[in-house]
Amino acid sequence: MGIQLKQERGQEDLLPSKSKPVRVMIVAGEASGDQHARALVEALKKLSPECEIFGMGGRQMRSVGVDTVVDSEESASVMGVVEVIGSLGKIYEAYKDLISCAKQRQPDVAVLIDFPDFNFFVARALKKMGIKTFYFIAPQVWAWRKSRVKTMRRIIDEVATIFPFESDFYEKNGVSASFVGHPFAYRAPLSKSAVQLREGFELDPLRPVVAFLPGSRHGEISRLLTPMLESLRIISKVRPGVQAILPVADSLNVEEIREALPEDLNIKVVKGQAREVLAIADVAVLASGTVTMEAALAQVPSVVVYKLAPFTYFVAKRLVKGVNYIAMPNLILKKKVYEELIQDEATPEMISVSLERMLGDEGLRLSMKEELAKVKEKLMVDGDVGHTAASRAAERVLELAKAGEDT
């Protein structure tokens, strides 16, 4: 049985009784958070058409009319201890601008999406100002730095979790939480077939396709792109008919990536369209992170690579406790469906071995697909007819805004 949500309220009950529009501040610091924020904004506007939404985000949030007082693509798309140190100036300026804006515009509720280290600082300041805080795409404190849950009890009013086991963890630790489902599990099917997509990408429908997804952050690209490309060079010698495609995240400059590719390597580079690329891939090489869920829901046999700056990894290894896997599909299924190549294992040779194993064994690919097919049902709320993760979260956000008025 999945997790049931708290009793729902009618749409009219979700709107604050005051005449002025609901004012919502949203803080999304990364490309994936920007995508989730867009869906949330659309759901909020459907429930409360006059709501005013502003905050920190990228092109996805701007596309649905959000006033992004801070551009996340310029200020905050960094990862890891070493990387953050190099970007402290931009991050601090983003923080100051957000807090200044919050003081001026006094939102009824602030929605924080992922990006926990930054968002914790923002939440502390907002709570001192008496602003309600709502966390969507909760930090994985169950995996590492568990002591942060004590901080969350003080600075976060409510959490909307996207993985079913997370809400139990938060509730047991005194943080109000609801499982709203995973956003990816509720998306409509792609409008084009795999055949049409391959034609659009100018790929041969009869030859195998390997997708390479090195991540959306500059640090990930600098560490993962080269070993991924070199693995393609190795596998191409064994399987000269293989085709390769690399979708570049919206947060990155696609032309810079194209220019960085070796001229003798045949790989199709496209802007965005990760979901479409995974829909036509026979196998994939994935950076650890959000894209592993994309691949799992597309049922793409894959290998996951994870590589941090040495000092960042040294710190992270000592903070992660009681977690057997790094790839979320493996955690959800409680078994290693996706091979994981971590740090020094993330070499071209080992990636190519994993690719050859999958490409050369149809039975293995089919068994992986069968396991991955179980992921979607685990990411949805029981009886979730007519709802999405974003609509569930939007209801909770508006209810919290009303609670803020009533106190």
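Criterion first (over 22 Å from the mean Cα position of the chain (by Cα), at pLDDT 95 or above and more than 30 Å from F169 (Cβ to Cβ)) does E276 satisfy it? Give the steps one after another, and end with the answer.
Working: over 22 Å from the mean Cα position of the chain (by Cα): no; at pLDDT 95 or above: yes; more than 30 Å from F169 (Cβ to Cβ): yes.
When the stated conditions are applied, E276 does not pass them.
Across the range 96-120, what is the number of residues that are more than 11 Å from G29 (Cβ to Cβ) and either crowded, with 21+ Cβ neighbours inside 10 Å or within 24 Å of the chain's Cα centre (by Cα) (or both)?
So the answer is 7.
Based on this model, can you work out whether A188 counts as within 22 Å of the chain's Cα centre (by Cα) and at pLDDT below 95? Lay out the reasoning, then the answer.
Numbers: within 22 Å of the chain's Cα centre (by Cα): yes; at pLDDT below 95: yes.
It is true that A188 is within 22 Å of the chain's Cα centre (by Cα) and at pLDDT below 95.
Considering only the range 337-392, state which residues are surrounded by fewer than 14 Cβ atoms within 10 Å (Cβ to Cβ), among the small types (G, A, S) and closer than 23 Å to T161 by Cα.
A373, G383, G386 - these are the residues of the range 337-392 that are surrounded by fewer than 14 Cβ atoms within 10 Å (Cβ to Cβ), among the small types (G, A, S) and closer than 23 Å to T161 by Cα.
Please find, among V304, V300, the residue that is in a loop (DSSP other than H, G, I, E, B), closer than 23 Å to R275 by Cα and modelled with pLDDT of 95 or more. Please lay out each step first, then the result.
Details: V304 fails: in a loop (DSSP other than H, G, I, E, B).
After applying the criteria, what remains is V300.
Just checking, does the range 264-277 include any residue being farther than 21 Å from P301 by Cα, out of contact with any helix residue (DSSP H, G or I) (no Cβ under 6 Å at 6 or more places or on another chain), assigned by TED's automatic domain parsing to the domain that holds V300 and not hydrophobic (A, V, I, L, M, F, W, C)?
Yes.
Quick check on this structure: which one of E371, E399 is under 24 Å from A279 (Cα atoms) and either part of a helix (DSSP H, G or I) or assigned by TED's automatic domain parsing to the domain that holds V210 (or both)?
Of E371, E399, the one residue that is under 24 Å from A279 (Cα atoms) and either part of a helix (DSSP H, G or I) or assigned by TED's automatic domain parsing to the domain that holds V210 (or both) is E371.
Name the one entry in A185, A160, A143, A177 that is more than 30 Å from V242 (Cβ to Cβ) and without any contact (Cβ under 8 Å) to a residue 40 or more places away in the chain. Quick ask: steps written out before the conclusion?
Values: A185 fails: without any contact (Cβ under 8 Å) to a residue 40 or more places away in the chain; A160 fails: without any contact (Cβ under 8 Å) to a residue 40 or more places away in the chain; A143 fails: without any contact (Cβ under 8 Å) to a residue 40 or more places away in the chain.
Of the residues listed, the single one that is more than 30 Å from V242 (Cβ to Cβ) and without any contact (Cβ under 8 Å) to a residue 40 or more places away in the chain is A177.
The values are calculated or read from the model by the stated rules, or taken from the named source; none is laboratory data. No experiment lies behind these values; they were computed from the predicted model shown. Please note: Cβ atoms are built from the backbone with ideal geometry, for glycine as well, and neighbour counts cover all protein chains shown.
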